[in-house]
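The next block holds one structure in the form of structure tokens; read it before the comments.
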Amino acid sequence: MGDECFVIVNLLAGRGRCRRLWPAIKHALQHSKLSFRYAFTEAPGAAIAVAQRVARDFPTVVAVGGDGTIHEVATGLMGTSAKLGIIPAGTGNDFVKMLGIPPKDPLGAIPILEAGHTKRVDVGRVGERYFVNGLGLGLDGAVAWRVFHSWRWPWLAHWIYLYAAVREALFFRSSTLSVSAPSWECSGTLMMLGVCNGRYLAGDFRLAPHAEIDDGLFDVYLIADMPPLRRILQIPKARRGEHLRLPEVQLHRAPWVEISSKSPLLGHLDGEPIEFPPGKLRVELLPKALEVIVRCS
């Protein structure tokens, strides 16, 4: 297909926001230097299969949606030579902040696609699943589930994330976990555990404020249990990336981690809710496994 790109538009992204934005995005693409075809998806997980199929014929596959859409399209591109392009049209739009793409200006992403500058970024893998931004367990995962079930008004994204964080801070029950990595290990009652590739999660929370997406290492944060009121009082620090100073918080770096639990764990991959069964999880980093279009620095 030459330099033609394929655009995957997740009409569910942002609970309707992407659907409303698409006519303006399509108009801007038609008046750009890009040659493109496009397809809509309207079911969770559908973009994975579309990306896998079109990656054989198109050198660039563009995800139009939020972090969940990026998650699906990136998963579909793993093991192919296709590049990932992104037009943010979801709600949190956390991953694009690491690429220099304006998270609240989908039309501003089109000149970046036209320029075509790329970098190779790391990808996380847990079992047969992939993630580009981060994996979260514990309260972090419970917040993702709460957001998923509370999302009726996408224009209130900022407040919905805060509501979910406060709600789960009050009622979440921590789990006993064992965590090991090549040069460190930890066990105890943990409120949150995150394995991060990017810096921003859950709608602008800076849970891993020093993470880099191409350094070959995860940033792994572990937060010990704390009383509900103290949890709530520390939420602003987590948003600003200042929680690392708290005595309950540890931050490590590692190319892989193994997490053991005797009970099921609520979690998320790139913000998409998932429940992990009891047992051992191995989370591995795949160095520079995906080529992504970025703003030229």
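Of the strands (runs of 3 or more DSSP E) entirely within the range 210-262, those holding at least 2 residues that are more than 18 Å from GLY141 (Cα to Cα) and not hydroxyl-bearing (Ser, Thr, Tyr) occupy 249-254. When LEU266 is tested against (1) under 13 Å from GLY138 (Cβ atoms); (2) surrounded by fewer than 17 Cβ atoms within 10 Å (Cβ to Cβ); (3) in contact with a Phe, Trp or Tyr (Cβ under 8 Å, 6 or more places away or on another chain), only condition (2) is not met.
Taking into account only those residues within the range 42-75 that are touching a Ser or Thr at 6+ places or on another chain (Cβ under 7 Å) and part of a helix (DSSP H, G or I), which is nearest to TYR130 (Cα to Cα)? Among them, the one singled out is ILE48. May I ask you to list the residues in the range 10-58 that are β-branched (Val, Ile, Thr) and in contact (Cβ under 8 Å) with a residue 60 or more places away in the chain? Residue satisfying the conditions is ILE25 alone.
Examine the range 109-127 for a residue that is in contact with an Asp or Glu (Cβ under 8 Å, 6 or more places away or on another chain), free of Cβ contacts under 8 Å to residues at least 60 places away in the same chain and not in a strand (DSSP E or B), and state whether such a residue exists.
Of the range 109-127, the ones in contact with an Asp or Glu (Cβ under 8 Å, 6 or more places away or on another chain) are 118-122, 124-126.
The next check asks that each one be free of Cβ contacts under 8 Å to residues at least 60 places away in the same chain; those that pass are none.
No, the range 109-127 has no match at all.
The set of residues in the range 263-297 being touching a strand residue (DSSP E or B) at 6+ places or on another chain (Cβ under 9 Å) and assigned to a loop (DSSP other than H, G, I, E, B) consists of SER263, PRO264, ASP270, GLY271, PRO277, PRO278, VAL294. Would it be correct to say that ILE25 is surrounded by 15 or more Cβ atoms within 10 Å (Cβ to Cβ), within 24 Å of HIS117 (Cα to Cα) and within 21 Å of the chain's Cα centre (by Cα)? Answer is no for this residue. Here the range 162-180 is the region considered, the condition is being surrounded by fewer than 19 Cβ atoms within 10 Å (Cβ to Cβ) and modelled with pLDDT of 95 or more, and the residue that is nearest to VAL220 (Cα to Cα) is SER180.
Condition check for ILE86 on (1) part of a strand (DSSP E or B); (2) in contact (Cβ under 8 Å) with a residue 60 or more places away in the chain; (3) in contact with a Gly (Cβ under 8 Å, 6 or more places away or on another chain): one failure, at (3). So for the range 45-59 (the condition being within 20 Å of ARG295 (Cα to Cα), over 18 Å from the mean Cα position of the chain (by Cα) and surrounded by fewer than 24 Cβ atoms within 10 Å (Cβ to Cβ)), does at least one residue qualify? Yes, that holds for at least one residue. Being buried (at least 17 other Cβ atoms within 10 Å of the Cβ), at pLDDT below 90 and either closer than 19 Å to ASP122 by Cβ or more than 22 Å from the chain's Cα centre (by Cα) (or both) is a property that holds for LEU207. Where residues in the range 269-297 are closer than 17 Å to ARG199 by Cβ and surrounded by fewer than 18 Cβ atoms within 10 Å (Cβ to Cβ), which of them is modelled with the lowest pLDDT? Across the range 269-297, the extreme among qualifying residues is SER297. Listed by first and then second residue, the pairs linking a residue in the range 274-290 that is of a type in the set (Lys, Arg) to a residue that is part of a strand (DSSP E or B) and surrounded by fewer than 16 Cβ atoms within 10 Å (Cβ to Cβ), with Cβ atoms under 7 Å apart and 6 or more places separating them unless they lie on different chains, are LYS280/GLU258; LYS280/SER260; ARG282/GLU258; LYS288/ARG120.
The values are calculated or read from the model by the stated rules, or taken from the named source; none is laboratory data. Everything numeric here is computed off the predicted structure, so don't read it as measured data. Every residue, glycine as well, gets a Cβ built from its backbone with ideal geometry; the counts of neighbours run over all protein chains shown.
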